Structure formats: C-alpha cells, structure tokens
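This report refers to the structure that appears directly beneath it.
The values are calculated or read from the model by the stated rules, or taken from the named source; none is laboratory data. What you are looking at is a predicted structure, and each value in this text was computed from that prediction instead of being measured. FYI the Cβ positions are ideal-geometry reconstructions off the backbone, even for glycines, and counts take in every protein chain you see. The area values use the complete protein model at the heavy-atom level, side chains included, leaving out ligands, DNA and RNA. Shrake-Rupley method; radii C 1.70, N 1.55, O 1.52, S 1.80 Å.
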Amino acid sequence: MKKQIQELLLQSLAILESKEIIPASNDLVIKIENSRGSEHGDFASNIAMTLAKTAKTNPRQLAQNIIDQLPESDVLERVEIAGPGFINFYLKQNAHQATVVEILKNGHQYGNSKVGANTPTLIEFVSANPTGPLHIGHGRGAAYGAAVASLLKKTGFDVSCEYYINDAGRQMDILAISVWLRYLQHIGTEIPFPENAYQGDYIIDIAIKLHEEHTDKFVLPTDSIMPLFEEEEPELKIDGLIKYCIDNLGEKNYRMVFDAGLDSILVTIKNDLVDFGVEFNHWFSERSLVEDNTVNQCIAKLIENDWVYEKDGAQWFRSCKLGDEKDRVLIRENGQATYFASDIAYHLSKVERGFEKIIDVWGADHHGYIARVKAAMEALELSPEKLEILLVQFATLYRGKEKLQMSTRSGEFITLKQLQGEVGKDAARFFYIMRKSEQHLDFDLELAKSESNDNPVYYIQYAHARICSVFRQLPEKGINYQQAEALKNVSSLNEPHEIKLLATLARYPDVIENAAITYEPHQLAYYLKDLANDFHTYYNANQFIVDDNVIRNARLTLIEATKQVIQNGLSLLGVNAPEVM
RNA sequence: GCCCUGGUAGCUCAGCUGGAUAGAGCGUCCCCCUCCUAAGGGGAAGGCCAGAGGUUCGAAUCCUCUUCAGGGCACCA
C-alpha cells in the first residue's frame with residue numbers, strides 16, 4: 001500500500017519538476033508513514049516540508065501543488081493537507097477490507113517479500129566453545145540469531161545458518177585434561193582436581209563413559225603426575241598438565257580423550273538447540289581449517305603482501321594500519337597459531353563459499369574484536385563491507401529479586417535446558433527476543449513462568465486460542481462457514497474496531513521487512529502484542545457468531561485472517577500458536 | 001586512559017531511522033461477563049525523554065561536552 005502511494009507521489013512530483021515548480025533531483029526519497037491516529041488519515045508524507053526549502057516556497061502551498069497533480073487512484077478516499085505541511089492520505093474502506101482477502105489467499109506466505117533478492121547469506125551464531133552445555137547467555141544468541149535468520153528467509157535472502165565449533169586451542173586442552181583427571185579419579189586414583197579446570201558434573205559423566213569404552217587405556221603412574229601439582233601459578237599448572245598428558249599418553253591417545261569430551265558435549269549442545277527449536281545447516285570445525293591448511297595459506301598470503309612482521313619471536317599482523325588500535329599476534333612465540341589466525345581463515349572460507357552477506361552474531365564482550373577481523377578481511381581483499389557483526393548484550397538471570405551467577409569453568413550455571421524445562425520453550429524464546437539486542441537483558445524466571453497478563457507470550461497465544469475456539473463452536477451451533485463464500489461479505493467490515501484491526505493486519509509485511517533489514521526481531525514481538533490487543537478489544541466489543549449471515553461471515557474471515565498473521569509471526573520467533581489454552 | 005551499549009511514567013521497556021497532543025505492560029484508582037475462554041476489555045492518574053550546548057521549519061531521535069550504569073581493551077577462545 002505504501003508503495004502505491006509512493007508511486008502516486010512520484011508521478012505528481014515528476015509533473016511539478018517538468019513545470020519547474022520544484023527543482024529536478026535524482027535522489028528523491030519519499031517517506032510514507034503509518035499515521036499515528038486515525039484523525040491524520042491512514043498514511044502521511046512529509047515530502048512537502050522537506051522539499052519546501054529547495055523549491056523556495058512554503059510547505060503548505062507546495063503540498064497543495066502536489067495534491068493537485070496527484071493521479072486518480074481507486075484506493076484513496078481523499079487527501080488532505082494538515083499541520084505545517086503534512087499530506088495525509090485516507091484510504092477507501094474497500095482498500096482496508098482487501099487485506100483480509102490478501103491474507104487468506106496467501107496463508108503462511110503472507111508477509112513474504114523479495115527484497116533479499118536471493119542474496120547468498122551466511123549467519124553464524126551461538127558458536128559457544130564446546131567445553132560445557134549451553135547456558136542462559138548462549139540462549140539469547142540462539143533465539144536472536146534464529147529469529148534474524150527466519151526474518152531474512154521470509155524477506156527473500158538465501159540464508160544458511162552456521163555454528164562455528166572452536167575445537168582447537170587451549171580451552172579445549174583444558175577440557176581434555178579435566179576429563180582425564182576425572183577419569184583417573186573415577187578408577188580410584190587419589191589425585192587433586194585444579195580449581196581452574198572445568199568443574200561441572202558433566203565432566204565426570206564423560207569420564208565414566210570414557211572408562212567404560214576404553215577401560216584403563218589412559219592410566220599413567222600417579223607418582224609421575226603428582227609433582228605437576230606443586231606448581232603455584234594455576235594457569236601454569238594447567239599448562240604443565242596438558243603438556244605432560246600429550247607427551248605421555250601420546251598424540252593418538254590424547255586425541256581420544258580430547259574427542260571424548262568434545263563429541264559428548266557437542267551432542268549435548270546439538271540436542272539442546274534442537275529442543276529449543278534452533279537448527280543449523282552447517283557445523284563448521286575450527287580444527288578443519290588447521291588440518292586442511294587454510295590457516296597457513298591465509299598467513300602466507302598476508303606475509304606475501306607485507307602485512308606481517310616478527311617481534312619478540314611472534315608473528316604480528318599490521319592491523320593498526322587498517323583501523324585497529326594495535327597490531328595482533330598471528331603466530332605465538334611457541335609456534336602455535338592464535339584463535340585470531342584461524343578466525344581469519346574462517347572468514348576467508350565464508351567469502352570463498354560465495355556468501356555475499358556474512359552475518360556474525362557475537363556477545364557484546366567481543367566488540368573489541370570487530371576491528372581486527374575487518375582489518376584482516378581488508379588485507380586479504382575480501383570486501384569487509386560484506387561482513388555484518390551483530391552484538392548481543394549479556395543476559396542476566398533473576399529469580400524474582402535474586403541474581404543468578406554463571407560461569408562455565410566453575411560449573412555454576414543454569415543451562416539452557418534447565419531454563420527451558422522451567423519456563424517452557426515459548427516463553428524462553430519470546431523473552432529473549434522481546435528486548436532489543438543491544439539492551440542488557442534481565443531475564444526474570446518468575447515472570448516468564450507466570451501464566452498471567454504480565455506475560456506477553458500468553459497474551460498473544462491467548463488471542464490465537466480464542467479465535468480457534470470460536471471456529472470450534474461453529475459446527476456445534478450448526479453454522480456453515482465456507483471461507484471462499486464468506487469472503488464475498490468483507491465489505492460489511494465497517495466497525496471502528498474492525499477498521500483498526502484491518503489496518504494493523506495490513507502493516508504486517510512492513511513490520512517483517514523492517515525487522516529483517518534492521519536485524520531487530522523485537523519489532524515483530526511488539527507488533528504481535530499490538531495485534532493481539534486489537535483483537536482482544538474487538539472480541540470484547542463485538543460478537544462474531546451472530547444471526548446475520550453477512551456480518552457473521554465477514555467477521556469470521558477477519559478473525560481467521562488475524563489468526564493466520566499471529567501464526568505467521570509467532571512461527572518466525574520460534575513460538576507455538578496453541579489452539580487451546 | 002581508550003572503545004562499545006544504555007539512561008524515556010513508581011517498576012520493566014517500546015518509540016517505525018528527524019515530524020503533528022511522547023506510547024505499552026506491571027503497579028495504583030474506577031468500571032465491564034443472563035453474551036463466542038475475565039489468561040480478556042474500557043477509563044483515570046502518572047513525564048523538564050539523565051544534564052548542558054549546537055545543527056533546522058521541527059530533536060527523545062543527529063553532533064559536541066558532562067554525568068551515571070553495564071561491558072570490553074591477551075602471544076585466552
């Protein structure tokens with residue numbers, strides 16, 4: 001609808017340009033807004049005010065000129081000038097009523113758009129280190145990333161979802177020796193467990209399973225291990241244990257212990273995400289980038305183009321020259337590549353796989369990392385503007401007033417699975433999405449659990465269930481409803497609440513498009529609350545199942561359309577639309 | 001010190017990328033089921049949009065400074 005009005009305005013302005021009332025310009029942006037209240041019509045444009053200055057005339061006069069040249073249209077009832085020079089557009093009733101037909105015709109396709117033009121798009125999210133189960137913080141990234149992906153799919157982007165598995169690096173080695181030490185303890189070895197190793201009970205489960213499958217294969221003499229615990233500095237102690245373990249178990253056996261931890265945790269993560277309604281197209285392994293030499297090739301290319309120098313025995317990337325605040329290490333003094341080095345390779349892979357739009361969803365604590373990744377892409381001539389990094393602020397969990405802590409290493413955290421078990425998938429998904437991603441999120445368990453109107457999820461779902469309930473009663477009352485037949489009656493939808501509801505329903509495609517291109521799924525959440533509110537108000541004001549065939553049929557099509565839009569919207573957020581509550 | 005985010009009703013937050021009287025939920029106060037689910041609806045009260053400058057026809061929205069809160073500034077990932 002907005003586009004139709006835009007087109008009309010464009011034609012009018014072209015005429016004014018040809019008459020030299022306004023100067024010609026190529027980059028004219030015509031903004032059409034949904035009016036706030038009905039007294040300002042259905043849509044409004046401020047075009048006259050923005051053009052008044054260059055046209056050297058007053059806005060109201062210019063607005064009149066624009067209206068005079070406006071072509072005939074079968075959707076517009078009338079057009080008025082208001083306030084300082086707004087042009088307000090009033091739609092004909094049947095233009096409103098037509099949205100019901102459009103929604104029911106398109107069904108779950110209603111709201112789809114093609115702005116994405118099939119752009120190959122990769123969105124990477126969650127990507128939590130596989131060192132423990134997903135916790136409450138990861139949940140936000142999961143819910144947000146999944147919602148953005150759904151929105152982009154709806155708007156015509158060719159979207160692929162990916163999880164980057166950090167299966168290389170020191171954190172994983174710490175996981176491996178955590179498993180190994182628990183394994184030794186499990187078979188009765190008296191041995192301490194460092195406080196900075198992974199404390200969670202899930203490590204013990206992995207160790208038990210490891211022992212079941214391999215019995216005593218990984219046992220080493222306790223006497224030779226004990227001296228390592230004399231190291232005072234905790235991190236050095238860990239490093240000593242890792243080195244000892246690799247040297248004495250041998251590369252192959254160490255890898256078995258390592259993989260036992262990795263695989264088991266990965267399975268847990270995958271299952272938890274599936275339960276949460278979040279699925280990925282690819283699980284991309286960091287280790288694979290090392291093993292297939294992509295990392296080395298990347299570094300070689302950087303060296304070739306003089307982006308690398310040596311200092312203190314390490315290899316440094318000149319990121320400073322490309323906008324970062326300091327240079328970054330690619331290869332450490334000990335010869336090992338940094339996480340950053342594999343991340344460069346990872347982004348190279350993303351570009352080489354043909355993605356035009358590359359989205360990374362990161363926790364806000366990674367913001368300092370943006371400059372160096374962009375710098376690396378620049379250095380490798382990978383068009384950094386393809387990369388869009390979306391930061392998600394932290395989620396803090398509350399139970400009423402009590403703040404709950406979380407830390408993977410200490411093992412004290414609420415897992416995503418526990419959260420879901422407690423508040424349910426729908427409330428969890430919706431609460432995560434409800435807040436703007438750059439806002440800190442205080443997730444209150446009590447509120448999410450409350451089955452009351454404090455809880456917007458139930459408010460929206462209730463609207464859907466109420467509509468379903470109405471339709472369930474038709475056969476009981478012996479009423480015949482045929483959608484196709486009933487649609488012929490929509491012209492009787494003239495009650496104020498009906499017009500309001502129609503206008504809100506008509507907004508849906510705009511909401512989807514805007515939420516998608518701004519990566520703001522919360523806009524959809526708020527829209528659905530509005531829609532539910534319009535429906536509940538209508539429900540209280542007007543009876544749907546009435547004796548008059550024409551009115552009843554018209555109303556039933558309207559609420560059926562409402563049901564469809566609620567369903568469409570909720571499904572994009574990963575929330576169910578229950579038929580009964 | 002530098003870099004991100006935030007500061008809007010008593011509380012939790014929206015505010016459609018610069019527009020017309022600043023919105024919603026909760027809380028408070030009043031009203032609405034002989035009627036399709038009251039997990040609902042209607043109404044009232046409640047605001048110097050953190051503060052100060054600036055940009056312009058017009059600012060909660062853009063720019064600068066100040067201030068408060070959270071986070072980040074590794075040869076960790």
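Of all lysines in the structure, those lying under 20 Å Cα to Cα from A:Lys92, and not within fewer than 8 positions of it along the same chain, are A:Lys2, A:Lys3, A:Lys488, A:Lys500. Stretched out straight at 0.36 nm per residue, the stretch from A:Glu304 to A:Ser491 would grow longer than its current Cα-Cα span by 60.2 nm.
For region A:453-572, what is the relative contact order in percent, using Cα pairs closer than 8 Å and at least 6 residues apart in sequence?
Details: 92 pairs, mean separation 49.3, N = 120.
The value is 41 percent.
Summary of the geometry: region A:104-143 and region A:176-205, compared by the centres of their Cα atoms, lie 36 Å apart. To test your reading of the geometry: what angle, between 0 and 90 degrees and rounded to tens, separates the Cα axis of helix A:2-18 from the longest principal axis of chain A? On a 0 to 90 degree scale, this one is about 70. For region A:417-460, the set of GluC sites (Glu not before Pro) satisfying both a DSSP loop assignment and a count of at most 15 other C-beta atoms within 10 Å is given as A:Glu438, A:Glu451. Taking label points 7 Å from Cα along the Cα-to-Cβ direction, A:His214 and A:Tyr459 give a separation of 5.4 nm.
Only lysines eight or more places from A:Lys209 in sequence, or on another chain, were considered; those with a Cα closer than 25 Å are A:Lys217, A:Lys243, A:Lys252, A:Lys270, A:Lys417. A Förster radius of 25 Å, combined with the Cβ-Cβ distance separating A:Lys311 from A:Tyr339, puts the computed FRET efficiency at roughly 0.85.
A:Trp283 accessible area, nearest 10 Å², 1.4 Å probe? Counting only protein heavy atoms, A:Trp283 exposes about 70 Å² to solvent. Expressed to the nearest 5 percent, the antiparallel share of DSSP beta bridges inside chain A is 50 percent. For A:Glu212, the solvent-accessible surface computed with a 1.4 Å probe is close to 140 Å², ligands and nucleic acids excluded. The calculated FRET efficiency for the pair A:Asp292 and A:Thr537, based on their C-beta separation and a Förster distance of 45 Å, comes to about 0.15. Pairs of Cα atoms nearer than 8 Å and 6+ residues apart set the relative contact order; for chain A it is 16 percent. The slack between A:Val580 and A:Glu102, meaning 0.36 nm per residue of separation minus the straight C-alpha distance, is 169.5 nm. Classify region A:1-143 as rounded, prolate or oblate from the Cα gyration tensor: take a ≥ b ≥ c as the square roots of its eigenvalues, call it rounded if a/c is under 1.5, otherwise prolate when a/b beats b/c and oblate if not. Prolate, because a/c is 1.5 or more and a/b exceeds b/c. Applying 1/(1 + (r/R0)^6) with R0 = 60 Å to the Cβ-Cβ distance of A:Arg255 and A:Asn549 gives a FRET efficiency near 0.20. With the cut-off at under 15 Å, measuring from each backbone N in region A:334-369 to a point 7 Å along the Cα-to-Cβ line of A:Glu385 picks out A:356-358.
Rolling a 1.4 Å probe over the protein heavy atoms leaves A:Arg353 with an accessible area of roughly 90 Å².
The long axis of helix A:370-379 is offset from the longest Cα principal axis of chain A by roughly 90 degrees.
Each residue, A:Leu236 and A:Ile30, gets one label point 7 Å from its Cα in the Cβ direction; the gap between the two is 7.3 nm.
Distance from the C-alpha centroid of region A:433-505 to that of region A:329-383: 44 Å, rounded to the whole angstrom. Figure legend: label point modelled 7 angstrom from the Cα of A:Leu404 along Cα→Cβ; residues of region A:264-303 with amide N under 20 Å from it are A:268-278. With the helix formula -39500 (n - 2.57) applied to DSSP H stretches of n ≥ 4, chain A reaches a computed 222 nm mean residue ellipticity of -16500 deg cm²/dmol. The label point for A:Ile187 and the one for A:Arg170, both projected 7 Å from the Cα toward the Cβ, are 3.0 nm apart.
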